[in-house]
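Single-structure report; data block below.
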């Protein structure tokens with residue numbers, strides 16, 4: 001079972017949890033399991049077309065999935081998935 005680390009901005013959508021567990025052999029399957037329990041988070045992670053949003057970075061055991069296999073990235077039984085929303089803004 002994989003552990004998904006939840007950033008503070010998404011915690012209200014998951015009942016305040018800092019992390020949750022989900023099952024699946026790939027990142028896509030783990031996220032599907034996660035979204036089945038927390039559907040409000042899906043629109044913040046995936047585009048309407050089902051691809052990874054450019055506004056969130058996802059790391060699998062500290063490796064950016066954009067440099068791995070994206071949603072097809074295979075996961076082991078004790079994998080940590082970290083959701084990290086992109087930050088924007090600054091002084092104007």
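Has the stretch 84-91 got at least one residue that is free of Cβ contacts under 8 Å to residues at least 40 places away in the same chain, in contact with a strand residue (DSSP E or B) (Cβ under 7 Å, 6 or more places away or on another chain) and exposed (fewer than 11 other Cβ atoms within 10 Å of the Cβ)? Don't jump to the end; show me each part of the working.
Quick first cut of the stretch 84-91, residues free of Cβ contacts under 8 Å to residues at least 40 places away in the same chain only: 86-91.
Adding the requirement that they be in contact with a strand residue (DSSP E or B) (Cβ under 7 Å, 6 or more places away or on another chain) leaves 86.
In the following step, the residues that additionally are exposed (fewer than 11 other Cβ atoms within 10 Å of the Cβ) were identified as 86.
Checked against the condition, which is being free of Cβ contacts under 8 Å to residues at least 40 places away in the same chain, in contact with a strand residue (DSSP E or B) (Cβ under 7 Å, 6 or more places away or on another chain) and exposed (fewer than 11 other Cβ atoms within 10 Å of the Cβ), the stretch 84-91 yields at least one hit.
Of everything in the stretch 57-79 that's touching a helix residue (DSSP H, G or I) at 6+ places or on another chain (Cβ under 9 Å) and part of a loop (DSSP other than H, G, I, E, B), which residue is surrounded by the fewest Cβ atoms within 10 Å (Cβ to Cβ)? Walk me through how you get there before you give the answer.
Quick first cut of the stretch 57-79, residues touching a helix residue (DSSP H, G or I) at 6+ places or on another chain (Cβ under 9 Å) only: 57-60, 65, 68-75, 79.
Subsequent filtering for residues that are part of a loop (DSSP other than H, G, I, E, B) retains 68-69, 73, 75, 79.
On the way: 68: 16, 69: 13, 73: 20, 75: 21, 79: 17.
Among them, the one singled out is 69.
Need the failing condition index for residue 2 against (1) free of Cβ contacts under 8 Å to residues at least 40 places away in the same chain; (2) surrounded by 11 or more Cβ atoms within 10 Å (Cβ to Cβ), just the number.
(1)
When the stretch 62-86 is examined, which residues are found to be farther than 20 Å from residue 11 by Cα and within 12 Å of the chain's Cα centre (by Cα)?
Within the stretch 62-86, 64, 65, 70, 71 meet the criteria.
List pairs: first residue in the stretch 42-71 and free of Cβ contacts under 8 Å to residues at least 60 places away in the same chain and at positive phi, second residue in a loop (DSSP other than H, G, I, E, B) and surrounded by 12 or more Cβ atoms within 10 Å (Cβ to Cβ) anywhere in the structure, Cβ distance under 7 angstrom, at least six positions apart or on different chains.
61/79
Looking at the stretch 34-45, which of its residues are out of contact with any helix residue (DSSP H, G or I) (no Cβ under 6 Å at 6 or more places or on another chain) and either crowded, with 17+ Cβ neighbours inside 10 Å or under 18 Å from residue 84 (Cβ atoms) (or both)?
Of the stretch 34-45, the ones out of contact with any helix residue (DSSP H, G or I) (no Cβ under 6 Å at 6 or more places or on another chain) are 34, 36-37, 39, 43-45.
34, 43, 44, 45 - these are the residues of the stretch 34-45 that are out of contact with any helix residue (DSSP H, G or I) (no Cβ under 6 Å at 6 or more places or on another chain) and either crowded, with 17+ Cβ neighbours inside 10 Å or under 18 Å from residue 84 (Cβ atoms) (or both).
Collect the residues in the stretch 33-56 that are outside any helix (DSSP H, G or I) and over 16 Å from residue 19 (Cα atoms), keeping them in residue-number order.
First, the residues of the stretch 33-56 that are outside any helix (DSSP H, G or I): 38, 46-56.
46, 47, 48, 49, 50, 51, 52, 53, 54, 55, 56, listed by residue number.
Assess whether residue 30 counts as being within 14 Å of residue 5 (Cβ to Cβ), in contact with a helix residue (DSSP H, G or I) (Cβ under 9 Å, 6 or more places away or on another chain) and surrounded by 16 or more Cβ atoms within 10 Å (Cβ to Cβ). If you could, list the steps in order and put the result at the bottom.
On the way: within 14 Å of residue 5 (Cβ to Cβ): yes; in contact with a helix residue (DSSP H, G or I) (Cβ under 9 Å, 6 or more places away or on another chain): no; surrounded by 16 or more Cβ atoms within 10 Å (Cβ to Cβ): yes.
Answer is no for this residue.
Scan (1) part of a loop (DSSP other than H, G, I, E, B); (2) surrounded by 11 or more Cβ atoms within 10 Å (Cβ to Cβ) for the single condition residue 16 breaks and write down its number.
Of the numbered conditions (1) part of a loop (DSSP other than H, G, I, E, B); (2) surrounded by 11 or more Cβ atoms within 10 Å (Cβ to Cβ), the odd one out for residue 16 is (2).
Taking the stated definitions as given, is residue 20 closer than 14 Å to residue 80 by Cα and either without any contact (Cβ under 8 Å) to a residue 40 or more places away in the chain or in contact with a strand residue (DSSP E or B) (Cβ under 7 Å, 6 or more places away or on another chain) (or both)? Talk me through it step by step, then tell me what you get.
Working: closer than 14 Å to residue 80 by Cα: yes; either without any contact (Cβ under 8 Å) to a residue 40 or more places away in the chain or in contact with a strand residue (DSSP E or B) (Cβ under 7 Å, 6 or more places away or on another chain) (or both): yes.
Yes; evaluated as a whole, the condition is true for this residue.
A short reminder: the numbers here are calculations on the coordinates, not readings from a lab. Values in this document were obtained by computation on a predicted structure and should not be read as measured data. In this analysis, Cβ positions are derived from the backbone assuming ideal geometry, glycine residues included, and neighbour counts consider all displayed protein chains.
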